Ligand SMILES: C=C(O[C@@H]1C=C(C(=O)O)C=C[C@H]1O)C(=O)O
């Protein structure tokens, strides 16, 4: 009996690690096979991007920020299982950087005003780790590159109430002359911030029309009498049919008029009838642009 018992032990004991080793090798083979399948699909996807680029009219800027947001949102809606949801955003942001650069020059300028290069980090998170990126220290310099066509887009600090006139970059964009620069995105798109991630908020401007994404907010610039109050501004926007989510009202020293930057729900195009219904304006309102509403903790 004892010899049978020890024979059984010698059969089983060495077998357990062998099983695990064999299983591990099989699982790794499975991962290699899946990597090949993913790679094959990525190469097929790039072929389709080439066909999209070939369809494009001459001079088209191959940059569709609204569509990019919709793709990520759609994938998140179908997502299941243990793969972290944030990976989808990370992978597809890098993929869009590559597929956009396949279609033409793709250079990003950043106005860095944050401590620890936070706007650069924020730009890298959105536009890819290896996308050419030029850093400026004034918004006007970053915007000038977009106007001149030497950059595809500029990453600029989110307008704030208290800033000095030189950093209130949005006022200079309240016109309809060409090249017209629009706000086309807000960063970070993946709003939940992990420890050490840049905390800054930024807007992206480009010399393209804003690209609706089905879940947007729009920015409208207004020129108003100097005695305009926030309360009257809000009441006027509501009366015109807008749902306002934020507003900046500036009365700069020496300026002939007050300037307001209002953020409203939804996608507002130039011809939106509600714009003409905003009371008290000194000149017709200018749509500064729109951005895809970032993914927050609830909808991420
Ligand atoms: C392919 C396009 O260009 C870019 C690349 C995209 C992609 O790889 O899916 C999506 C949007 C664009 O920024 C497009 O215009 O659809």
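The values are calculated or read from the model by the stated rules, or taken from the named source; none is laboratory data. What you see is a predicted model, and the numbers here were worked out from it, not measured in a lab. Positions of Cβ are generated from backbone atoms using ideal geometry, with glycine treated the same way; all protein chains shown enter the neighbour counts.
Key figures
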quantity	calculated
Strands (runs of 3 or more DSSP E) (entirely within region 107-189) containing at least 2 residues that are touching a residue at least 60 places away in the same chain (Cβ under 8 Å) and under 21 Å from residue 222 (Cβ atoms)	182-187
Hey, residue 67 more than 10 Å from the ligand (Cβ to nearest atom), touching a residue at least 60 places away in the same chain (Cβ under 8 Å) and outside any loop (DSSP other than H, G, I, E, B) or not	no
Residue check for residue 127: surrounded by 14 or more Cβ atoms within 10 Å (Cβ to Cβ), within 16 Å of the ligand (Cβ to nearest atom), within 12 Å of the chain's Cα centre (by Cα) and under 22 Å from residue 158 (Cα atoms)	yes
Set 52, 120, 48: member being more than 9 Å from the ligand (Cβ to nearest atom) and either closer than 22 Å to residue 149 by Cβ or surrounded by 10 or more Cβ atoms within 10 Å (Cβ to Cβ) (or both)	120
Given (1) outside any helix (DSSP H, G or I); (2) over 22 Å from the mean Cα position of the chain (by Cα); (3) surrounded by 20 or more Cβ atoms within 10 Å (Cβ to Cβ), index of the condition residue 275 fails	(1)
Cβ-Cβ under 6 Å pairs, at least 6 apart or on other chains, region 91-105 side touching a residue at least 24 places away in the same chain (Cβ under 8 Å), far side part of a helix (DSSP H, G or I) and within 8 Å of the ligand (Cβ to nearest atom)	96/68; 99/49; 102/49; 103/53
Single condition residue 249 does not satisfy, out of (1) surrounded by fewer than 21 Cβ atoms within 10 Å (Cβ to Cβ); (2) out of contact with any helix residue (DSSP H, G or I) (no Cβ under 6 Å at 6 or more places or on another chain); (3) under 22 Å from residue 166 (Cα atoms); (4) at pLDDT 95 or above	(2)
Search result, residues across region 206-229 that are under 29 Å from the mean Cα position of the chain (by Cα) and outside any loop (DSSP other than H, G, I, E, B)	206, 216, 217, 218, 219, 220, 221, 222, 223
Given (1) in the same structural domain as residue 215 (by TED's automatic domain parsing); (2) within 16 Å of the ligand (Cβ to nearest atom), number of the condition residue 87 does not satisfy	(2)
